[in-house]
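Here's the structure we're looking at; comments come further down.
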Amino acid sequence: MRKPRREPGSRAPRPTEGATCAGPGESWSPTPNSMLRVLLSAQASAARLSGLLLLPPVQPCCLGPGKWGDWPPGGGLHAGPVQGLQRLLEQARSPGELLRWLGQNPTKVRAHHYPVALRRLGQLLGSQPRPPPVEQATLQDLSQLIIRNCPSFDIHTIHVCLHLAVLLGFPSDGPLMCALEQERRFRLPPKPPPSLQPVLREARPEELTPHVMVLLAQHLARHRLREPQLLEAIAHFLVVQEMQLSSKVVQKLVLPFGRLNYLPLEQQFMPCLERILAREAGVAPLATVNILMSLCQLRCLPFRALHFVFSPGFINHISGTPHALIVRRYLSLLDAAVELELPGYRGPRLPRRQQVPIFPQPLITDRARCKYSHKDIVAEGLRQLLGEEKYRQDLTVPPGYCTDFLLCVSSSGAVLPVRTQDPFLPYPPRSCPQGQAASQPTTHDPAQRVVLMLRERWHFCRDGRVLLGSRALRERHLGLMGYQLLPLPFEELESQRGLPQLKSYLRQKLQALGLRWGPEGG
């Protein structure tokens, strides 16, 4: 079926939102921001990474509301004798045809035609879910045409070509990007060298904008990319730009450190955050608590900030705000961290009446990926192995952590029916709890509670070796409360072929803990 022809001057189809066209030798992959493609694909030092981002902004009048831009109909900025060639480029139906129009009309090609060609190439690749492969020779020939003619480009055309080449995925250290970047530098006004610094230096992370660094931080957190080089660059940026950053920006920059369970090597990272919290804790309550949540995952809670957020004035202030419930939930988690991990803390605590369950249900990521989870097959294996009355699934234990599977075990190792036992261990676990919990003394209970923890693939950073901060925090707190943890890693679960193998695997795991039970099925 032939595609309908577009009227001359009409807009070309836009690529799918959030997608980036694959370049030479690359596969089709989405990215959240075009500038990040250069950063994330660079294999260099942190200073080199930041230098690659120092592309001047492209004027929006030429790129328009779409990623690839919308030139004005009827020939764009340079109407005249060469308008026909521009229309041919805009209507090219394949990369080969696009290159043919450029190569066969050398006397009509002007500088502004090359951004049009790059833009159309991006549309051809981005308008289909599975774009056809582009021959390397086609991309190389187009690159050579631009390289040969870029000395005649003005600065604005160079900026546009740089931007579009980034979107198309051309390598940052390839000949096209290097030639365009060299021409861009030639057109910059000369700067007098500083008297006390060397003339030649690499770009520093502090020369980046907060917006770009926030996008980078969000990208790393969203895709679980634990890249030390990039995380250190964010930490250094935060330290250098401390006085210019509000707590609402800082919360976004700090997010990947807690989520990815990465404490940066930057020595001023924690002192800088403590100063920011002291300066802006009362200005943005939710941002303050978000920063403390990230630090809680890193086990780096500053006492001074805890004094502030647990103070009656702060709690009363947030009570009437729209985000009161989420702040109370975060404060409840911080209070649990103080209880379990900070025995030396002597400041105020969250009042008992203000505490709410931390995670009253499975996390959003688990609910969203339930069809990929091993939970159902593990539950069936435990049912056939132990019997339904000897385990509890998805039980939330105080102060609000959801467990995958919980067993009650006697002092001799026998798995007990859960209905005959209190499945919860006392919380707080200390013998002399603070506040109102002091009237509820801890009772001696010889039965153990064993928690089987599913460690799915998405519970780890992308490298598959480091647990995400929230997962590590949950396991750490459950262990400190007295629960015996039995991790079930995804590599081991994925290697089991069928229910019989899984039952054998679970039997070995439980027997390794010294557990015993009756015949299968109860």
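Can you give the FRET efficiency to the nearest 0.05 for Asp394 and Met243, using r as the Cβ-Cβ distance and R₀ = 35 Å?
Calculated transfer efficiency: 0.15.
Please list, in order along region 304-319, the HN-Hα scalar couplings obtained from phi with the Karplus expression 6.51 cos²θ - 1.76 cosθ + 1.60 (θ = phi - 60°), rounded to whole Hz, x for Gly and Pro.
Along region 304-319, the couplings run 4, 5, 5, 4, 6, 6, 8, 6, x, x, 5, 5, 5, 5, 7, 4 Hz.
Taking amide H positions as placed 1.01 Å from N in the peptide plane, with prolines and chain starts having none, which residues 5 or more places from Thr396, or on another chain, fall under 5 Å of its amide H?
Thr403
Could you check the simple spin-label distance between His307 and Arg346, using points 7 Å along Cα→Cβ, in nm with one decimal?
Once both label points are built, they end up 1.2 nm from each other.
State whether region 84-187 is rounded, prolate or oblate according to the following rule on the C-alpha gyration tensor (a ≥ b ≥ c being the square roots of its eigenvalues): a/c under 1.5 gives rounded; otherwise a/b larger than b/c gives prolate, and the remaining case gives oblate.
Values: a/c = 1.75, a/b = 1.24, b/c = 1.41.
Oblate.
Residue by residue through region 423-428, which ³J(HN,Hα) values in whole Hz follow from phi under the Karplus form 6.51 cos²θ - 1.76 cosθ + 1.60 (θ = phi - 60°), with glycine and proline marked x?
Working through the residues one at a time gives x, 9, 7, x, 9, x Hz.
Full-extension gain between Glu492 and Arg222, please, as 0.36 nm times their residue separation minus the C-alpha to C-alpha distance.
Result for the pair: 94.6 nm of gain on full extension.
Applying a 10 Å radius around every beta-carbon, put 143-154, 299-310 in order of their mean neighbour count, most first.
Packing order, densest peptide first, comes out as 299-310, 143-154.
Using the Karplus equation 6.51 cos²θ - 1.76 cosθ + 1.60 (θ = phi - 60°), what ³J(HN,Hα) coupling, rounded to whole Hz, does each residue of region 335-343 give in order, writing x for Gly and Pro?
Karplus-based 3J(HN,Hα) across region 335-343 equals 5, 5, 5, 4, 4, 8, 10, 10, x Hz.
List the residues, sorted by chain then number, that are 5 or more residues from Leu485 or on another chain and whose placed amide H is less than 5 Å from its amide H.
Close amide H contacts, sequence-distant or interchain: Val451.
First compute the accessible area of region 244-379 with a 1.4 Å probe, then give the percent of it belonging to carbon and sulfur atoms.
So the carbon and sulfur contribution to the accessible surface is 56 percent.
With the crude spin-label approximation of a point 7 Å out along Cα→Cβ, what separation in nm comes out for Gln268 versus Cys300?
My value for the distance between the label points is 1.5 nm.
Run the quick spin-label model on Arg353 and Gln484: label points 7 Å from Cα toward the beta carbon, then report their separation in nm to one decimal.
With each label point 7 Å from Cα toward Cβ, the separation is 4.1 nm.
Where nothing but the Cβ of Lys and Arg (+1) and of Asp and Glu (-1) is charged, how large is the charge dipole of region 84-187 around its Cα centre, in debye to the nearest 20?
Taking the Cα centre of region 84-187 as origin, the dipole is about 280 debye.
In Å², and per residue, what accessible area does region 369-423 have when probed at 1.4 Å with the other protein chains present?
Accessible area per residue: 43 Å².
The values are calculated or read from the model by the stated rules, or taken from the named source; none is laboratory data. This structure is a prediction, so every number in the text was calculated from the model and none was measured. Neighbour counts are summed over all protein chains in view; Cβ atoms, including those assigned to glycine, are modelled from backbone coordinates with ideal geometry. In case anyone asks, the SASA skips ligands and DNA or RNA and just uses the protein heavy atoms, side chains included. Shrake-Rupley method; radii C 1.70, N 1.55, O 1.52, S 1.80 Å.
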